[in-house]
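Heads up, the thing below is written out as structure tokens.
The values are calculated or read from the model by the stated rules, or taken from the named source; none is laboratory data. Source: prediction; values computed, not measured. All Cβ positions, glycine included, derive from the backbone under ideal geometry; neighbour counts span all protein chains shown.
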Amino acid sequence: MILLTGATGSIGRHLVRRLAARGAEFRALVRDEAKGRALGCAYAVGDFDEPASLTAAFAGVDRLFLGGPGALPVDGEQPMVRQFTAAIEAAAAAGVERVVKVSVWHAAPDSLLAQGAHGVLDRRLADALPGWTLLQPSGFLQNLLLPGAFTPDGRLVGRYGDAPVSHLDTRDVAECAEVLLTGPPRPGESFVLTGPQALTDRELADRVARALHRPVGLLPLAPDETAAALTARGAPPAFAADLAALLREVAAGSLAGVTTAVPTLLGRPARTVDDFLADHLPALRTAVGHP
């Protein structure tokens, strides 16, 4: 039995569909029963913030997909570390044999924000369960469809200067997780997942323009400008400063590399930016807005 966390997210939803199509035995862990029903699969209601609620969800589970968005820091605390630690402890108590965890590229305990939180969690997972495998993705193309990716007048908000980023499709992350959950185990291995090409913000805006058959401008924002905008909207100054530091790392090329992990695991090339844009044209038009 496979248990999926983060089943309502952009990775989890695709993984639900993939596992259902192959007839795999699995259940989704959800906090909201209505969202569980909407998934159309077996589900259990539980909350990482209430560890006692996880016991029933983990009953009979031998494989775990550990994914989903982490909570933002609050007053310097990383709730994500506490929450995901509860899931790791529940998995260990249930005798789970295999865990596929979505981490981030360059995760390290002494890093900032999600990279630091995942760095701590990755070590805790390795200490608690021998059958762990990590997926460490680059930036997600699905972020193009989120509010704030484009300005009201349809320009892409660029945050990485002239540095290319090897964005990938979360569907490829989900399919890599499927392979690792249902195929031969790969204990103790980490896979850095990227798209097949790294593009600058300007090149990404040009690809969006080509997909929409109209010009798409670019609004470059320096890391400190992004931090100032977040602070003006009420974000804690410490969080904004840490985010600016991470953005400077990306602008220096930390996500520019391209790996072969996706084709190695899936036996096919990773989806391209153009593939993603073609598959999401209606949502892309909504995100960019109308001229």
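Suppose we filter LEU212, LEU193, LEU181 for residues that are among the aliphatic types (A, V, I, L, M) and surrounded by fewer than 18 Cβ atoms within 10 Å (Cβ to Cβ); which single one remains? Explain how you work it out, then say what you get.
On the way: LEU193 fails: surrounded by fewer than 18 Cβ atoms within 10 Å (Cβ to Cβ); LEU181 fails: surrounded by fewer than 18 Cβ atoms within 10 Å (Cβ to Cβ).
Residue meeting the stated conditions: LEU212.
Please pick out the residue among VAL192, VAL250, VAL208 that is modelled with pLDDT of 95 or more, more than 30 Å from ALA128 (Cβ to Cβ), in contact with a strand residue (DSSP E or B) (Cβ under 8 Å, 6 or more places away or on another chain) and not small (Gly, Ala, Ser). Spell out how you get there, then give the answer.
Working: VAL192 fails: more than 30 Å from ALA128 (Cβ to Cβ); VAL250 fails: modelled with pLDDT of 95 or more.
The unique qualifying residue is VAL208.
Just to be sure, is PRO236 touching a strand residue (DSSP E or B) at 6+ places or on another chain (Cβ under 6 Å), surrounded by fewer than 19 Cβ atoms within 10 Å (Cβ to Cβ), at pLDDT below 95 and under 26 Å from ALA108 (Cβ atoms)?
On the way: touching a strand residue (DSSP E or B) at 6+ places or on another chain (Cβ under 6 Å): no; surrounded by fewer than 19 Cβ atoms within 10 Å (Cβ to Cβ): yes; at pLDDT below 95: yes; under 26 Å from ALA108 (Cβ atoms): yes.
When the stated conditions are applied, PRO236 does not pass them.
Whether any residue in the range 145-157 is within 19 Å of PRO69 (Cα to Cα), buried (at least 23 other Cβ atoms within 10 Å of the Cβ) and in contact (Cβ under 8 Å) with a residue 60 or more places away in the chain is what I want to check.
Taking every residue of the range 145-157 in turn, none turns out to be within 19 Å of PRO69 (Cα to Cα), buried (at least 23 other Cβ atoms within 10 Å of the Cβ) and in contact (Cβ under 8 Å) with a residue 60 or more places away in the chain.
Considering only residues that are among the polar types (S, T, N, Q) and part of a loop (DSSP other than H, G, I, E, B), look in the range 127-164 and name the one that is farthest from GLY195 (Cα to Cα).
THR151
Looking only at the range 52-102, which residues are modelled with pLDDT of 90 or more, of a type in the set (A, V, I, L, M, F, W, C), more than 14 Å from LEU29 (Cα to Cα) and not in a helix (DSSP H, G or I)?
Those that are modelled with pLDDT of 90 or more, of a type in the set (A, V, I, L, M, F, W, C), more than 14 Å from LEU29 (Cα to Cα) and not in a helix (DSSP H, G or I): VAL96, VAL99, VAL100, VAL102.
Answer with yes or no whether THR182 is in contact with a Ser or Thr (Cβ under 6 Å, 6 or more places away or on another chain) and of a type outside the set (Phe, Trp, Tyr).
The answer is no for THR182.
From (1) in contact (Cβ under 8 Å) with a residue 12 or more places away in the chain; (2) under 16 Å from PHE150 (Cβ atoms); (3) not hydrophobic (A, V, I, L, M, F, W, C), pick out the condition that doesn't hold for ASP206.
(1)
Return a yes/no flag: does the range 36-59 have any residue that is out of contact with any Leu (no Cβ under 8 Å at 6 or more places or on another chain) and in contact (Cβ under 8 Å) with a residue 60 or more places away in the chain.
No, the range 36-59 contains no residue that is out of contact with any Leu (no Cβ under 8 Å at 6 or more places or on another chain) and in contact (Cβ under 8 Å) with a residue 60 or more places away in the chain.
What is the one condition in (1) polar (S, T, N, Q); (2) crowded, with 18+ Cβ neighbours inside 10 Å; (3) under 13 Å from the mean Cα position of the chain (by Cα) that THR133 does not satisfy?
Answer for THR133: the failing condition is (3).
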